Amino acid sequence: MRQVTFSILERTVLIPVELSHLPKPTFWVLLAVFFLSGIGTNIFSLNDAWYRGLMALTAYVGGILAGAVAAPILLPWIPGRAFALKGAFTGIVAGSAVLLLFKGGLIWIEAVALLFITVGISSYLAMNFTGSTPYTSPSGVEKEMRRAIPLQAGAVVIALVAWVGAAFAG
Amino acid sequence: MENFRYLEGVTTLQLDLEACVGCGVCELVCPHAVFQMNGKKAEIGDPDGCMECGACAQNCAAGAIRVTPGVGCASYIIQTWIKGKEAASCSSSECC
Ligand code: SF4
Ligand code: SF4
């Protein structure tokens with residue numbers, strides 16, 4: 001009998017497919033990120049929208065790299081079976097890198113917000129990779145989605161509230 | 001594929017031993033070696049290896065295998081939650 005394989009090369013060529021879904025949502029993310037980043041004690045600051053927006057955008061891009069690029073490539077070596085969990089792991093690593101990048105410029109609430117953005121996005125995107133593998137069963141994917149989506153959504157909501165709230169706290 | 005294992009205890013795969021005529025086709029077509037022949041009957045040796053592709057059920061002339069095949073893709077499954085199984089499609093503009 002002929003069995004399927006899923007080598008690192010076979011996984012890598014699928015990355016552009018994953019990335020090709022992103023331009024449209026990214027447009028809305030950009031708008032939302034710069035708008036939310038500008039809100040603060042001066043009602044709206046263009047300066048904050050730009051500088052804080054860039055930081056939030058970096059966290060978003062970190063989530064994409066961790067979930068849609070690193071997770072597929074490193075798939076068999078990342079702990080966990082559920083892809084959402086694998087994506088959360090790569091997201092924590094990428095999120096920590098984002099925090100290191102901006103260390104000094106962040107208060108702790110902002111750091112939590114950026115980390116949650118990266119982990120939430122990464123987990124969601126890694127979960128989407130289930131559709132590209134030759135071994136994930138639809139029943140399994142549905143099961144992991146029922147557990148993971150509320151957590152991913154929760155992480156992003158907490159992140160947004162913390163990010164906007166930090167502008168008033170800082 | 002031994003190094004790729006997904007969630008356990010989720011597959012919809014079922015084998016009706018009464019109906020099985022022991023032709024061995026399921027063992028041949030399964031890409032994950034889920035079936036083994038046990039004498040004159042098939043046996044689900046590795047249920048957790050099943051990816052619910054449906055190849056076995058489609059090729060079993062005796063109709064002894066039942067599985068709900070589908071697309072294991074998150075965007076597709078979200079569509080089935082929102083629009084229902086019938087209206088969801090794998091190749092729509094919202095999917096790939
Ligand atoms: S293909 Fe069907 S009839 Fe043939 S061995 Fe498998 S279960 Fe039995
Ligand atoms: S559905 Fe596919 S993976 Fe599962 S047992 Fe049948 S042929 Fe094998």
Quiz item: Which one is surrounded by the fewest Cβ atoms within 10 Å (Cβ to Cβ) among residues in segment A:128-148 that are in a helix (DSSP H, G or I) and touching a residue at least 60 places away in the same chain (Cβ under 8 Å)?
Solution: A:Arg147
Quiz item: Could you count how many residues in segment B:46-69 are crowded, with 19+ Cβ neighbours inside 10 Å, facing chain A (nearest Cβ under 10 Å) and more than 8 Å from the chain's Cα centre (by Cα)?
Solution: 1
Practice problem: Among the candidates A:Leu151, A:Leu101, A:Leu114, A:Leu85, single out the residue that is surrounded by 24 or more Cβ atoms within 10 Å (Cβ to Cβ) and within 22 Å of A:Ala70 (Cα to Cα). | Solution: A:Leu114
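Could you say whether any residue in segment A:40-51 is within 16 Å of the chain's Cα centre (by Cα), of a type in the set (Gly, Ala, Ser) and in a helix (DSSP H, G or I)?
Taking segment A:40-51 first, the residues within 16 Å of the chain's Cα centre (by Cα) are none.
Looking through segment A:40-51, none of the residues is within 16 Å of the chain's Cα centre (by Cα), of a type in the set (Gly, Ala, Ser) and in a helix (DSSP H, G or I).
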Quiz item: Inside segment B:24-35, can you point out the residues that are more than 9 Å from ligand 2 (Cβ to nearest atom) and buried (at least 16 other Cβ atoms within 10 Å of the Cβ)?
Solution: B:Val25, B:Glu27
Quiz item: Only one of these conditions is not met by B:Gly72: (1) within 16 Å of ligand 2 (Cβ to nearest atom); (2) surrounded by fewer than 21 Cβ atoms within 10 Å (Cβ to Cβ); (3) closer than 21 Å to A:Asn128 by Cβ. Which number is it?
Solution: (2)
Practice problem: Identify all residues within segment A:1-34 that are within 14 Å of chain B (Cβ to nearest Cβ), in a helix (DSSP H, G or I) and out of contact with any helix residue (DSSP H, G or I) (no Cβ under 8 Å at 6 or more places or on another chain); write none if there are none. | Solution: A:Glu10, A:Pro16, A:Pro23, A:Lys24, A:Pro25
Quiz item: Hey, any hits in segment B:80-96 for a residue that's crowded, with 20+ Cβ neighbours inside 10 Å, away from ligand 1 (no atom under 16 Å from the Cβ), outside any loop (DSSP other than H, G, I, E, B) and without any contact (Cβ under 8 Å) to a residue 40 or more places away in the chain?
Solution: no
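Just to verify a result, which residue in segment B:13-45, among those that are within 12 Å of chain A (Cβ to nearest Cβ) and in a loop (DSSP other than H, G, I, E, B), is nearest to ligand 1 (Cβ to nearest atom)? Step through it out loud before you land on a result.
From segment B:13-45, those within 12 Å of chain A (Cβ to nearest Cβ) are B:13, B:24-37; that's our starting set.
Cutting the leftovers down to in a loop (DSSP other than H, G, I, E, B) gives us B:13, B:24, B:30-34.
Working: B:Leu13: 11, B:Gly24: 5, B:Cys30: 9, B:Pro31: 15, B:His32: 14, B:Ala33: 13, B:Val34: 11 Å.
Checked segment B:13-45; the qualifying residue nearest to ligand 1 (Cβ to nearest atom) is B:Gly24.
Here, each number is a calculation from the coordinates, and none is a lab measurement. Quick caveat: nothing in here was measured; it's all calculated off a predicted structure. Neighbour counts run over all protein chains shown; Cβ positions are idealised from the backbone, glycine included.
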